[in-house]
Number of protein chains: 2
Amino acid sequence: MRCYGDFAVGEVVEAGPVLVTADAIKAFAAQFDPQPMHLDAGAAQNTVVGGLFASGLHTVCLNMRLLVDGFLRDTAAMGSPGVDEIRYLAPVRAGDSLTMRLEVIDLRPSPGRADIGFLRCRSEMRNGSGQAVMRMTATLIFARRDRAGVAGTE
Amino acid sequence: MRCYGDFAVGEVVEAGPVLVTADAIKAFAAQFDPQPMHLDAGAAQNTVVGGLFASGLHTVCLNMRLLVDGFLRDTAAMGSPGVDEIRYLAPVRAGDSLTMRLEVIDLRPSPGRADIGFLRCRSEMRNGSGQAVMRMTATLIFARRDRAGVAGTE
């Protein structure tokens with residue numbers, strides 16, 4: 001199981017593709033973002049996109065799924081304190097196939113807890129044409145193997 | 001229908017509550033964030049939280065739903081260029097009831113397009129004890145009524 005000390009700045013992970021169907025766009029929107037342009041192809045025709053497109057958060061959620069499947073499995077991941085930035089760069093349309101490219105951009109031990117460390121990563125989702133549709137920077141928490149069993153001793 | 005010019009900095013919107021069940025936590029996790037602490041109460045007992053807790057993105061998605069239901073309906077909302085910051089402040093557990101408080105913190109016309117403007121908002125999700133569990137700052141795009149019909153004339 002990979003712990004904090006096993007990662008390096010510059011490490012790159014690629015995952016996917018994941019196909020985004022019209023049904024998936026509408027199902028996500030119905031649950032979490034019921035705006036007409038994500039629910040109804042007719043309504044979406046009157047937007048600048050000119051057709052059904054996915055909620056930005058849907059793309060963020062698909063990025064999370066690829067992150068878990070392609071990177072976090074078999075690691076000592078313990079959650080996240082947050083996200084620093086999300087940029088929606090291009091619409092995600094029905095039929096798009098998205099791939100994720102993640103890069104580790106920073107590693108730092110927790111200043112307050114000897115048993116964990118923070119990994120900062122930038123991840124990008126691209127469609128089948130290679131166009132970036134979403135970019136985000138997030139921080140993840142990992143256990144430190146070197147301090148396993150000594151949590152809370154500070 | 002409310003357009004860009006109809007909002008004011010300082011406007012506050014409250015929405016909710018939304019109940020977060022164990023089934024909803026697991027269903028979201030199974031789809032988008034299949035990490036053990038969001039899927040399995042037994043596995044979650046070994047974490048610092050000590051029990052099943054929701055994916056942070058699940059809380060962000062519930063915030064989006066309350067934002068649409070409580071704020072974006074009957075507005076000329078046209079999407080979002082992105083999110084500036086998300087902070088996960090406390091775990092969301094099965095049985096928590098979350099409410100959203102949103103404040104408009106900035107308004108600015110688009111420098112490049114006369115028909116739209118950007119609204120920046122800070123929103124917070126709180127549990128039934130009034131504890132903030134998530135805070136985020138996002139930007140939304142709205143059509144400008146005063147320029148309706150003149151899109152693209154620049």
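Give the residue, chosen from B:51, B:70, that is over 15 Å from residue A:33 (Cα atoms) and of a type outside the set (S, T, N, Q).
Matching residue, one of B:51, B:70: B:51.
Could you say whether any residue in the stretch B:55-74 is of a type in the set (Asp, Glu) and on the phi > 0 side of the Ramachandran plot?
yes
Any residue that is buried (at least 17 other Cβ atoms within 10 Å of the Cβ), over 24 Å from residue B:133 (Cβ atoms), at pLDDT 95 or above and out of contact with any helix residue (DSSP H, G or I) (no Cβ under 8 Å at 6 or more places or on another chain) - is there at least one of those in the stretch A:137-153?
Checking the stretch A:137-153: not a single residue is buried (at least 17 other Cβ atoms within 10 Å of the Cβ), over 24 Å from residue B:133 (Cβ atoms), at pLDDT 95 or above and out of contact with any helix residue (DSSP H, G or I) (no Cβ under 8 Å at 6 or more places or on another chain).
Considering only the stretch B:62-82, how many residues are of a type in the set (Lys, Arg) and either touching an Asp or Glu at 6+ places or on another chain (Cβ under 7 Å) or surrounded by 15 or more Cβ atoms within 10 Å (Cβ to Cβ) (or both)? Spell out the reasoning first.
Quick first cut of the stretch B:62-82, residues of a type in the set (Lys, Arg) only: B:65, B:73.
Now drop any that are not either touching an Asp or Glu at 6+ places or on another chain (Cβ under 7 Å) or surrounded by 15 or more Cβ atoms within 10 Å (Cβ to Cβ) (or both), which leaves B:65.
Looking only at that region, the number is 1.
Quick check on residue A:21: is it surrounded by fewer than 15 Cβ atoms within 10 Å (Cβ to Cβ) and under 22 Å from residue B:68 (Cβ atoms)?
Values: surrounded by fewer than 15 Cβ atoms within 10 Å (Cβ to Cβ): yes; under 22 Å from residue B:68 (Cβ atoms): yes.
Taking the combined requirement at face value, the residue satisfies it.
Please tell me if residue A:32 is among the aromatic types (Phe, Trp, Tyr) and more than 18 Å from the chain's Cα centre (by Cα).
In short, no.
What about residue B:13, is it in contact with a strand residue (DSSP E or B) (Cβ under 8 Å, 6 or more places away or on another chain), within 14 Å of another protein chain (Cβ to nearest Cβ) and either more than 16 Å from residue B:132 (Cα to Cα) or part of a strand (DSSP E or B) (or both)? Break it down stepwise before answering.
Numbers: in contact with a strand residue (DSSP E or B) (Cβ under 8 Å, 6 or more places away or on another chain): yes; within 14 Å of another protein chain (Cβ to nearest Cβ): no; either more than 16 Å from residue B:132 (Cα to Cα) or part of a strand (DSSP E or B) (or both): yes.
Here the answer is no, as residue B:13 does not meet what is asked.
Is there any pair with a first residue in the stretch B:1-21 that is touching a residue at least 24 places away in the same chain (Cβ under 8 Å) and a second that is surrounded by fewer than 15 Cβ atoms within 10 Å (Cβ to Cβ) and among the hydroxyl-bearing types (Ser, Thr, Tyr) whose Cβ atoms are under 8 Å apart and which are 6 or more apart or on different chains, and what are they?
Final answer for the pair search is B:16/B:97; B:17/B:97; B:18/B:97; B:19/B:97; B:20/B:97.
Please enumerate the residues belonging to the stretch A:94-113 that are touching a residue at least 60 places away in the same chain (Cβ under 8 Å) and either of a type in the set (Asp, Glu) or surrounded by fewer than 20 Cβ atoms within 10 Å (Cβ to Cβ) (or both). Break it down into steps so the answer makes sense when it comes.
As a first pass, look at the stretch A:94-113 and keep what is touching a residue at least 60 places away in the same chain (Cβ under 8 Å): A:94-107, A:109.
Residues satisfying the conditions are A:94, A:95, A:96, A:97, A:99, A:101, A:103, A:104, A:105, A:106, A:107, A:109.
What single numbered condition from (1) touching a helix residue (DSSP H, G or I) at 6+ places or on another chain (Cβ under 9 Å); (2) crowded, with 16+ Cβ neighbours inside 10 Å fails to hold for residue B:7?
(1)
Tell me, which helices (runs of 4 or more DSSP H) wholly within the stretch B:19-134 include 1 or more residues that are within 14 Å of chain A (Cβ to nearest Cβ) and out of contact with any helix residue (DSSP H, G or I) (no Cβ under 9 Å at 6 or more places or on another chain)?
On the way: elements: B:22-32, B:36-39, B:41-44, B:56-67.
So the answer is B:22-32, B:56-67.
Of all residues in the stretch A:19-77 being among the basic types (Lys, Arg) and under 30 Å from residue A:2 (Cα atoms), which is modelled with the highest pLDDT? Break it down stepwise before answering.
Kept after step one, since they are among the basic types (Lys, Arg), are these residues of the stretch A:19-77: A:26, A:65, A:73.
Add one more test, that the residue is under 30 Å from residue A:2 (Cα atoms), and what stays is A:65, A:73.
On the way: A:65: 98, A:73: 91.
So the residue we want is A:65.
The values are calculated or read from the model by the stated rules, or taken from the named source; none is laboratory data. As the structure is a computational prediction, the values presented were derived from the model and not from experiment. Don't worry about glycine lacking a Cβ; one is built from the backbone with ideal geometry, like all the others, and counts go over all protein chains shown.
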